Amino acid sequence: MRISEGNDENLISQGTLDAKGQFHTTLDTGQPDFGPARFIDRHFTAFVTDTSTNRTEQRQFDLRVSHDPLHLCIAKQEITPAGQRLYVTTYSPDGPPLRADVSVSEAGRVLAEGKTSRFGLVRLDLPSRTGKFLVRVVVGDGRRAELPVDSPPSSNTLWLETDRTLYRAGEQIHCTISAEKETATALLVAWNWHGQTLLSRDVRLTNGKAALDIPYQSTFGKELT
């Protein structure tokens, strides 16, 4: 059994398969230069030679070397009538989402807390703030990460909110529209990921608010905008 990086013949590890046909080794990741990237994928080739026939087979495989034990991402920031909303995702370096405890703080004061779903996503509502705040995440096995985030600039005069981010097939979508003006008329348009318009309706706001339900349609697809 021989292992080399890429297709290079320069061996990194070699040995003999055990009675179960397995080979155990440790590959040194060294001190990779990540640059702006969060991780580097290294490419290896394993060669297995049958000593009875001298026939050799090979298979390529990848190992991901990550700068962080878990990855934290701000998927979206938006201004709301009450302040701002933050969508945080957490996932392991090799891709699967992670359940985690998430907190947002400013100068040591916690502004919001939550837990990510099985999809690794949490939505947090924050009071109106300017400047920087800190997002911290901790998973059950003790891995943790933090990320400083700037507050987005406030330029909205009209807001659209839904009661949830993810819906099951068959569920209607409850929408709330808010505006700075006490009385206004808004046009609500919804379309699926194919670009097909599913709803187009004028909505009149009273006291700066209006609510509307979008009934489920089989043409919703995977994503609705």
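Taking 0.36 nm per residue of separation and subtracting the Cα-Cα distance, full extension of the segment from Glu9 to Ala211 would add 66.1 nm. For the pair region 1-64 and region 127-188, the centres of their Cα atoms are 45 angstrom apart. Between Thr185 and Phe34, the simple spin-label model (points 7 angstrom out along Cα→Cβ) gives 5.4 nm. Judged by the gyration tensor of its Cα atoms, with axes a ≥ b ≥ c, region 158-220 is prolate; a/c meets the 1.5 cut and a/b is the larger of a/b and b/c.
Computed over Cα pairs, the Kirkwood radius of the chain leads via Stokes-Einstein (0.890 mPa s, 25 °C) to a diffusion coefficient of 111 µm² per second. In terms of packing, defined here as the mean over residues of other Cβ atoms within 10 angstrom, the peptides 44-56, 77-89 line up highest first as 77-89, 44-56. In terms of modelled amide H atoms, which long-range or inter-chain residues lie less than 5 Å from the amide H of Leu224? For Leu224, whose amide H was placed from the backbone, there are no distant partners under 5 Å.
Averaging the sequence gap over all C-alpha pairs within less than 8 Å and six or more residues apart, then dividing by the number of residues, gives the chain a relative contact order of 11 percent.
FYI, it's all coordinate maths here, none of it is from the lab. No experiment lies behind these values; they were computed from the predicted model shown. Cβ atoms come from the backbone with ideal geometry, glycine included; neighbour counts cover every protein chain shown.
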